[in-house]
Amino acid sequence: MSVEALRPELLTDVLGRARARGATEADGFLIEEQHFNASVRLGQVDTVKHSREQRLSLRVFAGKASAAASTSDLSRASLERVVDEATALARVTAEDPHAGLPDPAELITAVPDLELEETASGEEPTPEAKVELARRAEAAALESDPRIGNSEGAEYWDRRARYVYATSHGFARGYATTAFGLSVSPVASAGGEMQRDYWYSAVRHRAALEEPAAIGRTAARRALRRLGGRKVKTTEVPIVFDPDTAASLVRSIAGAASGPGLYRRASFLLDRLGKRIAAPSVTIVDDGLIPRALGSRPFDGEGLATRSTVLVGEGVLESYLLDSYSGRKLGLRSTHHASRDGAGVGVSTTNLILRPGPTPPEDLIRSVKSGLYVTELIGFGVNGVTGDYSRGAVGLWIENGELTYPVEEVTVAGNLLEMFGAIEGIGNDLVMRDRTVSPTLLVGRMVVAGN
Amino acid sequence: MDDLSSTSPEHFFSDRFNVTPALMERLLGGELARRVDDADIYLEYRVNEELVLEENVVKKASRHVSQGAGVRAQAETRTGYAHTDEISLSNLEEAARQARAIADRAAGAPGVLAVPGRGRAHDLYALAEPPIVTALTRKLELLRKIDAAARAADPRIGQVIASLSSEEIVILIATASGWTIGDVRPLTRLNVTVIAEENGKREIGSWGGGGRVPFDYFLEAERWTRFATEATRQAVLKLRAVEAPAGTMTVVLGPGWPGILLHEAIGHGLEGDFNRKGVSAFAGRLGQRVASELVTVVDDGTIPNRRGSLNVDDEGTPTGRTVLIENGVLTGYMQDRLNARLMKMAPTGNGRRESYAHPPMPRMTNTFMLAGQDDPQEIIRSVPNGLYAVAFGGGQVDITSGRFVFSASEAYLIEGGRVTAPVKGATLIGNGPEALRRVSRVGHDLALDEGVGTCGKDGQSVPVGVGLPTIRLDGMTVGGTQV
């Protein structure tokens, strides 16, 4: 597995051409990546996928007017066409006083090594060996219980990517990443009922992948505990979110704290900077410098050095998440959260973490007389403008501090600000297993809709 | 600007990349066909343009080009897929070698090519002027007019975001059956989002539409004005919305976009792959009653100019009209070539992919319920107390348990047979095989949606359509906050 050497000169040539075509400044991002995916179902190879992709995205400024373009065709003719189209586009768009690149003096100088790339340590495993990892994970799920008789399969994937960012001021820096993953989706059935669940591991260095059999057994346990799920009566009770579903709540907070929603006045966190938005026990940080972590990056999509940002400190909203443009719009500075996709510049988090509390998750459950332990949320019922929240939930009913029967086909509803204000317990069970993580959370009251 | 549609896909790829149908057939013959059950090569060239106007300033103007080739080989249930974004002979040969290595039959027995006959491609969206070639100045002028119209509609409108995306895709598919087929697909969508603000309270409203239509479609009958006023009306209405009720009640769905119910509740569960694997709540239920006898649901990819329509699917099979449920009885699944072959059924023209970087899967096109007999107003009057939902955000389904949810973006209480107060976003939750048994009334007012739907499955997004007449559902669970 190897990606051809980086081609920063490709990018600097393109930026030079943009200047020649009348652009006052320009920046660009070049991504080259290579993927391998292998899925196995019921022990048989299902799909194996090889892919290589490259994309050059370009942003040009004609004074304070700007335009973006991108292409996956890196031939000379295509690149010239892209530059010409982008500069032509910029000329028809209106001036925007807040548009522009970051101050060149603020760009990163020394790119830190965050160990995001696994460099040749031994031989690249064969495709067969990779398939075997997926097979072992699925087999462990299938063997763990006679009620696991079917499966949507298991998948192994790896990805190797290189990024270069350059500006027309002469800046050019790059970095490379690797990632490896393994997931399993077993189906449990009993008495005509079927339930699916999944589990996964995703890491930067192959050796850190969770043991395939352990992933399979966890996935099986999760599917099995859903069998016999039923609705409950509509009621208002305490809700315990498991770490995965709690992480989705943290993502919603980050979304509302992101610059583009704020300058559009389309966020429930508008005008809340420096104010209390959560219980005092809640601290949320975005730390992009953790070595080997999935969300880490040495610099953002505008060449600004990544750092650690306290988003919520002891319940108070301490920072927004901004790129240069949304910062200027809000009269603030970039927090170095620019992200780059084909379509232009946006805002994204790095490693977003709700800090753990002192309580074992079992104790949080034990503290609830009657309530719901949520293990999965589905649907899109989160309103980023108002914070109104209503999503489908799956989980287990808590009765007298004990997990009892499985629950499904219910919704949990409230308002994100009220929910974060009503966090009454934070687990000590934080595990850095994804880009956004949280320990178990206990929210005092929410409405569960069912029968 | 390139006018991609002025040339045939065959000429487009041979002129630009020196890849001809004869070359693709040779690759399939030499590298792929022997010892596999099916194989194909898919070439794609896509140009996409996005214009976004915010605060009456062009916030985003962008143009994106992507191109590539996907090569696929299949044997029994195995699929090998390789793709490259450099369309050249050496890359295609390498991709073919990688794809075949995976699918190659272990046993020596030569594969029998399953060859569904080549049908005729439809001609559903040939446009004199595809939206991608229309002058930018005309497009930006329309976005500015929308901004003004939305602000003029109500003084409480603080923000207007008007966006127009236009796309054109040229594809060429060569199959192991020895034929090639191409398609040129225009697509456009206009969207208006507004934020209304009053006494520190803010609400969002959104409306849009489009299809495989020219830019002038938005100017016909002042369609753009309606998009602007609908978005405004929705945002302002929500400023005075009350808490949504929680619990089980009668729900009336309005015509058009609420057809997303069908997409989530039954559509995904009737895709061939989930049924072949036995992981759908509908697996093995063909011929069984799964809905009220008032319910007939079809998936139809052949409606001219619709967002979900295709002349051929992404495997070269002409799209069709598949009756999924007829008078309440499950009658059909949606199939791609792989799952059709393994289930010994015919492909239905539902093999779709997001791009050359993705292998095809069975996917929906335009999915809707046929009209019934009832007067929509009379349906509302028949409900003593309940919820009337007319616009929705997104939905999601768990195929295996059949549980689905979808979120209303515009809904009202029904009290004493009359539509009363607007309610805040309520989520509806149900169980696919059960939900359509609850249909007790079907209106005569079938409408298809405006052309905004995008469906995600397994990380792949494709444009789709939905449609519904006004229907009454008894005993749905509504996930609000008002106990």
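The values are calculated or read from the model by the stated rules, or taken from the named source; none is laboratory data. Just so you know, these numbers come straight off a predicted model, no measurement behind them. Here the Cβ is made from the backbone with ideal geometry for all residues, glycine too, and neighbour counts use every protein chain on show.
To keep it simple, each residue is scored yes or no on (1) without any contact (Cβ under 8 Å) to a residue 12 or more places away in the chain; (2) of a type outside the set (Gly, Ala, Ser); (3) crowded, with 22+ Cβ neighbours inside 10 Å.
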residue	(1), (2), (3)
A:364	no, yes, yes
A:375	no, yes, no
A:382	no, yes, yes
A:390	no, no, yes
A:398	no, yes, yes
A:403	no, yes, no
A:407	no, yes, yes
A:410	no, yes, yes
A:416	no, yes, yes
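Which condition number does residue B:280 fail, the rest of (1) surrounded by fewer than 24 Cβ atoms within 10 Å (Cβ to Cβ); (2) assigned to a loop (DSSP other than H, G, I, E, B); (3) of a type outside the set (Lys, Arg) being met?
Every listed condition holds for residue B:280 apart from (1).
Does the stretch B:356-365 contain any residue that is surrounded by fewer than 24 Cβ atoms within 10 Å (Cβ to Cβ), in the same structural domain as residue B:460 (by TED's automatic domain parsing) and farther than 28 Å from residue A:35 by Cα?
no
Pull up the stretch B:15-58, narrow it to residues that are modelled with pLDDT of 80 or more and of a type in the set (Val, Ile, Thr), then point me to the one that is nearest to residue A:89 (Cα to Cα). It would help to see each step written out before you state the result.
First pass over the stretch B:15-58, keeping only residues modelled with pLDDT of 80 or more: B:15-28, B:37-58.
Filter once more, so that each one left must be of a type in the set (Val, Ile, Thr): B:19-20, B:41, B:47, B:52, B:57-58.
Working: B:19: 31, B:20: 33, B:41: 34, B:47: 15, B:52: 12, B:57: 14, B:58: 10 Å.
By that ranking, first place goes to B:58.
Within the stretch A:37-54, which residues are modelled with pLDDT of 90 or more and among the charged types (D, E, K, R)?
Once the filter is applied, which keeps residues that are modelled with pLDDT of 90 or more and among the charged types (D, E, K, R), the stretch A:37-54 yields A:41, A:46, A:49.
Restricting the search to the stretch B:383-429, which residues are hydroxyl-bearing (Ser, Thr, Tyr) and under 15 Å from residue B:477 (Cβ atoms)? Break it down stepwise before answering.
Pass one, the stretch B:383-429, residues hydroxyl-bearing (Ser, Thr, Tyr): B:388, B:400-401, B:407, B:409, B:412, B:420, B:427.
Hits for the stretch B:383-429 are B:401, B:407, B:427.
Does the stretch B:210-259 hold any residues that are more than 14 Å from chain A (Cβ to nearest Cβ), at positive phi and assigned to a strand (DSSP E or B), and which are they?
The answer is B:210, B:211.
How many of the residues in the stretch A:371-413 are within 12 Å of chain B (Cβ to nearest Cβ) and either of a type in the set (A, V, I, L, M) or at positive phi (or both)? Before you say what the answer is, go through the steps one by one.
Initial filter on the stretch A:371-413 (within 12 Å of chain B (Cβ to nearest Cβ)): A:376-394, A:406-413.
This time we only want the ones that are either of a type in the set (A, V, I, L, M) or at positive phi (or both), so: A:377-379, A:382, A:385, A:387, A:393-394, A:407, A:409-410, A:412-413.
Looking only at that region, the number is 13.
Answer yes or no: is there a residue in the stretch A:272-279 that is within 25 Å of residue A:434 (Cα to Cα), under 18 Å from the mean Cα position of the chain (by Cα) and not charged (D, E, K, R).
Here is the first cut: in the stretch A:272-279, the residues within 25 Å of residue A:434 (Cα to Cα) are A:277-279.
Still in the list and also under 18 Å from the mean Cα position of the chain (by Cα): none.
Within the stretch A:272-279 (the criterion being within 25 Å of residue A:434 (Cα to Cα), under 18 Å from the mean Cα position of the chain (by Cα) and not charged (D, E, K, R)), the answer is no, since none of the residues qualifies.
Here are B:146, B:173: which of them is in contact (Cβ under 8 Å) with a residue 12 or more places away in the chain, in contact with a Phe, Trp or Tyr (Cβ under 9 Å, 6 or more places away or on another chain) and in a helix (DSSP H, G or I)?
B:146
Could you check how many residues of the stretch B:293-350 are hydroxyl-bearing (Ser, Thr, Tyr) and in contact with a helix residue (DSSP H, G or I) (Cβ under 8 Å, 6 or more places away or on another chain)?
At the first step, the residues of the stretch B:293-350 found to be hydroxyl-bearing (Ser, Thr, Tyr) are B:296, B:302, B:309, B:317, B:319, B:322, B:331, B:333, B:348.
Now narrow it down to the ones that are in contact with a helix residue (DSSP H, G or I) (Cβ under 8 Å, 6 or more places away or on another chain): B:317, B:333, B:348.
Of the residues in the stretch B:293-350, 3 are hydroxyl-bearing (Ser, Thr, Tyr) and in contact with a helix residue (DSSP H, G or I) (Cβ under 8 Å, 6 or more places away or on another chain).
Being over 25 Å from residue B:322 (Cβ atoms), of a type in the set (Ser, Thr, Tyr) and either facing chain A (nearest Cβ under 8 Å) or in contact with a helix residue (DSSP H, G or I) (Cβ under 7 Å, 6 or more places away or on another chain) (or both), is that true of even one residue in the stretch B:374-386?
Taking the stretch B:374-386 first, the residues over 25 Å from residue B:322 (Cβ atoms) are B:374-386.
Narrowing the set further to residues that are of a type in the set (Ser, Thr, Tyr) leaves B:382.
Restricting the remaining residues to those that are either facing chain A (nearest Cβ under 8 Å) or in contact with a helix residue (DSSP H, G or I) (Cβ under 7 Å, 6 or more places away or on another chain) (or both) gives none.
Looking through the stretch B:374-386, none of the residues is over 25 Å from residue B:322 (Cβ atoms), of a type in the set (Ser, Thr, Tyr) and either facing chain A (nearest Cβ under 8 Å) or in contact with a helix residue (DSSP H, G or I) (Cβ under 7 Å, 6 or more places away or on another chain) (or both).
Name the single residue that is farthest from residue A:93 (Cα to Cα) among those in the stretch A:41-71 being of a type in the set (Val, Ile, Thr) and facing chain B (nearest Cβ under 7 Å). Show your work before the answer.
Here is the first cut: in the stretch A:41-71, the residues of a type in the set (Val, Ile, Thr) are A:45, A:47-48, A:60, A:71.
Retained after the next criterion (residues that are facing chain B (nearest Cβ under 7 Å)): A:45, A:47-48, A:71.
On the way: A:45: 51, A:47: 45, A:48: 44, A:71: 21 Å.
Ranking the candidates gives A:45 first.
Among the residues of the stretch A:263-298 satisfying the criterion of being touching a helix residue (DSSP H, G or I) at 6+ places or on another chain (Cβ under 7 Å) and either without any contact (Cβ under 8 Å) to a residue 60 or more places away in the chain or hydroxyl-bearing (Ser, Thr, Tyr) (or both), which is farthest from the other protein chains (Cβ to nearest Cβ)?
Per the criteria, the residue is A:269.
Restricting to the stretch A:110-128, what's the tally of residues that are surrounded by fewer than 19 Cβ atoms within 10 Å (Cβ to Cβ) and away from every other protein chain (no Cβ under 14 Å)? Before the answer, list the steps.
Filtering the stretch A:110-128 down to residues surrounded by fewer than 19 Cβ atoms within 10 Å (Cβ to Cβ) leaves A:110-113, A:115, A:117, A:119-128.
With the extra rule that they be away from every other protein chain (no Cβ under 14 Å), the set shrinks to A:110-113, A:115, A:117, A:119-125.
Residues in the stretch A:110-128 being surrounded by fewer than 19 Cβ atoms within 10 Å (Cβ to Cβ) and away from every other protein chain (no Cβ under 14 Å): 13 in total.
How many residues are within 13 Å of another protein chain (Cβ to nearest Cβ) and at pLDDT 95 or above if we restrict to the stretch B:390-421?
Residues of the stretch B:390-421 that are within 13 Å of another protein chain (Cβ to nearest Cβ), as a first pass: B:392-411.
Next, from what is left, pick out any that are at pLDDT 95 or above: B:411.
Within the stretch B:390-421, residues that are within 13 Å of another protein chain (Cβ to nearest Cβ) and at pLDDT 95 or above number 1.
Does residue B:426 meet the test of being over 22 Å from the mean Cα position of the chain (by Cα), at pLDDT below 95 and of a type outside the set (Lys, Arg)? Don't jump to the end; show me each part of the working.
On the way: over 22 Å from the mean Cα position of the chain (by Cα): yes; at pLDDT below 95: yes; of a type outside the set (Lys, Arg): yes.
Yes.
Looking at the structure I just gave you, is residue A:380 among the aromatic types (Phe, Trp, Tyr), modelled with pLDDT under 95, out of contact with any His (no Cβ under 9 Å at 6 or more places or on another chain) and closer than 27 Å to residue A:285 by Cβ? Reasoning before the result, please.
On the way: among the aromatic types (Phe, Trp, Tyr): yes; modelled with pLDDT under 95: yes; out of contact with any His (no Cβ under 9 Å at 6 or more places or on another chain): yes; closer than 27 Å to residue A:285 by Cβ: yes.
Judged against the criteria, residue A:380 is a match.
Where in the stretch A:145-199 are there strands (runs of 3 or more DSSP E), lying fully within it, with 3 or more residues that are within 26 Å of the chain's Cα centre (by Cα) and within 30 Å of residue A:109 (Cβ to Cβ)? Show your work before the answer.
Values: elements: A:148-167, A:172-190, A:193-196.
In the stretch A:145-199, the matching strands (runs of 3 or more DSSP E) lie at A:148-167, A:172-190.
Give me the residue from the stretch B:47-84 that is β-branched (Val, Ile, Thr) and more than 7 Å from chain A (Cβ to nearest Cβ) and, out of that set, farthest from residue A:345 (Cα to Cα).
In the first step, residues of the stretch B:47-84 are kept if they are β-branched (Val, Ile, Thr); the result is B:47, B:52, B:57-58, B:65, B:71, B:77, B:79, B:84.
Narrowing further to those that are more than 7 Å from chain A (Cβ to nearest Cβ): B:47, B:52, B:71.
Working: B:47: 19, B:52: 13, B:71: 32 Å.
Step by step, filter the stretch B:47-84, then rank; the result is B:71.
Is it the case, given these coordinates, that residue A:113 is closer than 21 Å to residue A:290 by Cα and of a type in the set (D, E, K, R)?
Values: closer than 21 Å to residue A:290 by Cα: yes; of a type in the set (D, E, K, R): yes.
For residue A:113, the condition - closer than 21 Å to residue A:290 by Cα and of a type in the set (D, E, K, R) - is met.
Residues to consider are B:388, B:356; find the one that is among the aromatic types (Phe, Trp, Tyr) and within 30 Å of residue B:175 (Cβ to Cβ). First the steps, then the outcome.
On the way: B:388 fails: within 30 Å of residue B:175 (Cβ to Cβ).
Going through B:388, B:356 in turn, just one is among the aromatic types (Phe, Trp, Tyr) and within 30 Å of residue B:175 (Cβ to Cβ): B:356.
Out of everything in the stretch A:72-100 that is surrounded by 17 or more Cβ atoms within 10 Å (Cβ to Cβ) and among the hydroxyl-bearing types (Ser, Thr, Tyr), what residue ends up being farthest from the other protein chains (Cβ to nearest Cβ)?
A:87
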